[in-house]
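A.B. asks: Structure in structure tokens, see below.
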RNA sequence: GCGGAAUUGGUGAAGUGGUUAACACGCCGGAUUGUGGCUCCGGUAUGCGUGGGUUCGAUCCCCACAUUUCGCCCCA
């Protein structure tokens, strides 16, 4: 038997029902928030991700699927969605149109990782990007939109964590202060943090091992190293979130793993057993320098991405929509009637089905119940001769004999 | 990339170096000669992750690989 490649998975059964529901809600939300759908290629030039996500990040260092095509072009399966959208924004000169450009995408991403619960090599992200506005109201919308979406999906125990990384200069100033502070304590940090100290000291804030140590508890806060302008901006974001009635928690230890973030960054976390405790189901932030860095005009942007596999895990099981009509028959004459009746009902907008495995009538009843059928049509040769069809309400168990010519209208009306 | 655990039928699972690998659920059929969901009876086609090895003999022991899962790393 040939098995699916490691880190991939099939969506079917209850997961498929969940995914359909999520996708429908995404489209519904995006329409009402005025986002336009964008689809970009699943593979892009390798350089795009090196220059956007960052050469030194783990994602690019060890997780991308890189390959050469037959003409030796260096390509990479997209590990995230923002880079492609920004590339498309520049390449198609969308900056020439009315701004801001509000876009959403929903598709598969690829990272060569160790698979685990809610973590796959091929996974699906839904995300939103707003290009061309630095209004703090955008920040508030980018945070509140997925939050409301998750609420609508019935996900409980949502928690927003938010931080302000400020401008590049703000971060450089902070980095200096942080290094200064940590230097004398270096020996007391875990091995990973010693490495991070050299490569990317900001990420030490993320460390789980040392999180409870006094060293990290007393670490200088990045919020104290912001310019007046950045601090005022962040205050506005917070104010808007308050007005939108979003629960959040300012966490000055959040630094994201992608290099392009600045100013507002956030995570939406779900406390959920299926996810093994707390798991980030969406995250994002501002990236005001990225468009320029990739060769476009200076354009402030913000976006988020949400891993649909994790969203599915955080959701309760969903019931399949019940079947409206199940048609039962035993002999060939009745079967002919069943087939034509089924077609007529389906065209009339009534969902229905009938047996095709030669089951006994008893089993057909069971199958109808498995489909949660609301109405049972029980075909009977004797009745058919009189032009009658028996309909049984599967909830009240009441039976009615309906004239053959009125059966469609009768079932549509119910 | 590092470390641990797991892998038995449609599903959940018990079990043993040697004739028919339990039990439960599900499913199918019958009792009910065309109206079920309860009950009872019966059935469920060469099934022990894959490939090697040890052995007279392996589902059970050894090795490798694959997949899943937990922790680390990282992230959605």
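The values are calculated or read from the model by the stated rules, or taken from the named source; none is laboratory data. Keep in mind the model is a prediction, meaning the values are calculated, not measured. Cβ: placed from backbone, ideal geometry, glycine included. Neighbour counts: every protein chain shown.
A.B. asks: Any residue at all in the stretch A:328-338 that's touching a residue at least 24 places away in the same chain (Cβ under 8 Å), crowded, with 20+ Cβ neighbours inside 10 Å and away from RNA strand B (no atom under 12 Å from the Cβ)?
C.D. replies: No, the stretch A:328-338 has no match at all.
A.B. asks: Can you tell me which residues in the stretch A:117-126 are crowded, with 18+ Cβ neighbours inside 10 Å, outside any strand (DSSP E or B) and near RNA strand B (Cβ under 7 Å from one of its atoms)?
C.D. replies: A:118, A:120
A.B. asks: Would you say residue A:257 is surrounded by fewer than 20 Cβ atoms within 10 Å (Cβ to Cβ) and free of Cβ contacts under 8 Å to residues at least 40 places away in the same chain?
C.D. replies: Answer is no for this residue.
A.B. asks: Name the residue that is surrounded by the most Cβ atoms within 10 Å (Cβ to Cβ), counting only residues in the stretch A:305-327 that are more than 30 Å from residue A:130 (Cα to Cα) and out of contact with any strand residue (DSSP E or B) (no Cβ under 8 Å at 6 or more places or on another chain).
C.D. replies: So, considering only residues that are more than 30 Å from residue A:130 (Cα to Cα) and out of contact with any strand residue (DSSP E or B) (no Cβ under 8 Å at 6 or more places or on another chain), the one surrounded by the most Cβ atoms within 10 Å (Cβ to Cβ) is A:318.
A.B. asks: Something else: Would you confirm whether or not the stretch A:95-116 contains a residue that is in a loop (DSSP other than H, G, I, E, B), within 16 Å of RNA strand B (Cβ to nearest atom) and without any contact (Cβ under 8 Å) to a residue 12 or more places away in the chain?
C.D. replies: yes
A.B. asks: Just to be sure before I move on: is residue A:295 part of a loop (DSSP other than H, G, I, E, B), within 16 Å of RNA strand B (Cβ to nearest atom) and in the same structural domain as residue A:155 (by TED's automatic domain parsing) in the structure I sent?
C.D. replies: No; evaluated as a whole, the condition is false for this residue.
A.B. asks: Shifting gears a bit: Could you tell me which numbered condition residue A:87 fails, if it satisfies all but one of (1) over 17 Å from the mean Cα position of the chain (by Cα); (2) buried (at least 19 other Cβ atoms within 10 Å of the Cβ); (3) on the phi > 0 side of the Ramachandran plot?
C.D. replies: It is condition (3) that residue A:87 fails.
A.B. asks: Taking the options A:214, A:139, name whichever one is over 30 Å from residue A:84 (Cα atoms) and more than 15 Å from RNA strand B (Cβ to nearest atom).
C.D. replies: Step by step, each of A:214, A:139 is checked, and only A:214 is over 30 Å from residue A:84 (Cα atoms) and more than 15 Å from RNA strand B (Cβ to nearest atom).
A.B. asks: Let me ask another. Just to check your reading of the model, which residue among A:187, A:135 is modelled with pLDDT under 85 and surrounded by fewer than 20 Cβ atoms within 10 Å (Cβ to Cβ)?
C.D. replies: A:187
A.B. asks: Just to confirm my filter: which strands (runs of 3 or more DSSP E) fall fully inside the stretch A:326-414 and include at least 3 residues that are under 44 Å from the mean Cα position of the chain (by Cα)?
C.D. replies: It comes to A:352-354, A:375-378, A:388-393.
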